[in-house]
Amino acid sequence: MRTPPAVTVMAEATGAKRKREGSEESAEPPGGDGGSFPLAELCVRRVLRESARDKAIFLHGQVNGASGDAKDAVVILEKTPFQEEMISDLLKKHTRLKLQMSNDIYSTYHLYPPPQLSEIKTTVVYPATEKHLQKYLRQEVYLIRETGEDYKNVTLPFIQSQSFSIQWVYNILEKTAEADRIVHENPDSSNGFVLIPDFKWNQKQLDDLYLIAICHRRGIKSLRDLTAEHLPLLRNILQEGKEAILKRFGVAGSQLRIYLHYQPSYFHLHVHFTALSYDAPGCSVERAHLLADVIDNLELDPQYYQKRTLTFALRADEALLKKFQEAGKA
């Protein structure tokens with residue numbers, strides 16, 4: 001799931017260099033002047049969450065502004081995947097080994113690579129709001145079973161009551177931002193879309209390939225809005241998206257996981273394209289709906305997603321969970 005734009009930098013052992021990769025998962029774009037983030041001035045306040053499995057840590061920090069006021073920031077540090085073409089350099093060029101344990105034919109070491117081979121992907125949301133901090137804070141999660149009536153009576157009124165900013169999406173579609181990153185575009189206003197790399201993918205290896213197709217047509221909030229009317233759009237995304245990725249990256253459609261989220265992280269229809277071997281965030285069964293299955297379901301029943309009960313997860317602090325609880329549905 002692609003999120004609203006954040007600032008992405010690649011931090012090395014000898015310092016940090018800024019690299020704009022676009023941007024997941026909050027409904028509000030961050031502010032700031034677009035300049036380099038003052039990483040050295042960051043004062044870490046707490047660890048919001050960490051994942052040993054994903055080799056990632058989520059930090060809440062603050063930076064003192066020119067006027068002396070402290071502004072909050074979310075900083076996400078992630079180890080980047082290995083790049084096959086760099087393995088030789090990693091093992092041979094100025095790399096130091098420190099023995100930790102040896103027993104018969106088995107031994108473990110700490111390996112210290114040179115700075116240029118020890119990249120850490122660093123994503124920054126700055127200034128960050130309380131909503132951003134809560135988004136990345138580890139919380140209990142609950143499953144919701146939303147009927148078609150629940151959507152009309154609980155979810156839709158909640159969505160309509162919120163002021164989710166998706167101007168960053170329109171900036172991409174209107175090419176006032178990230179135009180140089182577009183991999184493919186079908187410009188048709190009703191059945192066209194833009195295909196662009198997700199910010200979580202640094203485009204240096206294919207193991208974690210991740211692109212997003214964003215439809216040009218406005219007013220389609222999510223899976224719930226789809227009917228048979230949208231089949232030409234969905235078919236275009238499925239077919240042209242696979243063809244574009246094969247042409248640009250050499251990855252066949254049979255090696256891609258192509259899906260929509262419900263609920264999505266932002267309410268403008270978009271489709272995720274990820275490497276099948278990549279355990280991408282949000283690809284779990286309670287959230288991801290394969291695009292090919294969505295097309296099949298709409299061909300069988302044009303109103304399928306207006307009637308079907310859909311399952312999704314909500315964090316304990318989310319206002320929508322409280323709405324479901326008040327309605328006696330959770």
Binning every alpha carbon pair distance of region 242-330 at 10 Å from zero, what are the percents per bin?
14, 38, 32, 13, 3, 0
Gap in Å between the Cα centre of region 39-59 and the Cα centre of region 297-330?
32 Å
Kirkwood Rh over alpha-carbon pairs of the chain, then Stokes-Einstein at 4 °C and 1.567 mPa s: what D in µm² s⁻¹, rounded to an integer?
60 µm²/s
Residue farthest toward the positive end of the dipole of the chain, with Cβ of Lys/Arg at +1 and Asp/Glu at -1: which of Ala179, Gln205, Tyr112?
Tyr112
Taking the convex hull of the alpha carbon atoms in region 141-326, what volume per residue do you get, in Å³?
120 Å³
In this model, which of Lys221/Lys242; Lys55/Lys121; Lys152/Lys322; Lys55/Lys200; Lys79/Lys204 are farther than 18 Å apart at the alpha-carbon?
Lys221/Lys242
If each DSSP helix of 4+ residues adds -39,500 (n - 2.57) and the sum is divided by the residues in the chain, what number results at 222 nm, nearest 500 deg cm²/dmol?
-5500 deg cm²/dmol
Accessible-area ranking of Ser222, Ser107, largest first, probe 1.4 Å:
Ser107, Ser222
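Find how much the distance from Thr95 to Ala327 grows on full extension, using 0.36 nm per residue of separation minus their present alpha carbon separation; answer in nm with one decimal. Intermediate results must be reported in sequence, preceding the final value.
Details: separation 232, 0.36 × 232 = 83.52 nm, distance 5.99 nm.
Contour length minus the Cα-Cα distance gives 77.5 nm.
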Label-to-label distance, nm, for residues given as Ser36 and Ala228 (7 Å Cα→Cβ offset)
5.8 nm
Can you tell me the accessible area per residue over the chain, all protein chains present, probe 1.4 angstrom, in square angstrom?
51 Å²
Could you work out the local net charge near Pro187, counting Lys and Arg as +1, Asp and Glu as -1, over the other residues with Cβ closer than 13 Å to its Cβ?
-2
Based on the Cβ-Cβ distance of Thr80 and Val44, what FRET efficiency does E = 1/(1 + (r/R0)^6) give at R0 = 25 Å, to the nearest 0.05?
0.75
Region 293-312 scanned against label point 7 Å out from Arg145 along Cα→C-beta; backbone N under 14 Å for 308-312
Any chance you could run the full-extension gain for Ala316 through Leu111? It's 0.36 nm times the residue separation minus the Cα-Cα distance, nm to one decimal.
69.8 nm
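The values are calculated or read from the model by the stated rules, or taken from the named source; none is laboratory data. Just so it is clear, the model here is predicted, and its values are computed rather than measured. When we count neighbours, we look across all protein chains shown, and the Cβ atoms used for this are built from the backbone with ideal geometry, even at glycine. Surface areas here come from the heavy atoms of the whole protein model, side chains and all, with no ligands, DNA or RNA. Shrake-Rupley method; radii C 1.70, N 1.55, O 1.52, S 1.80 Å.
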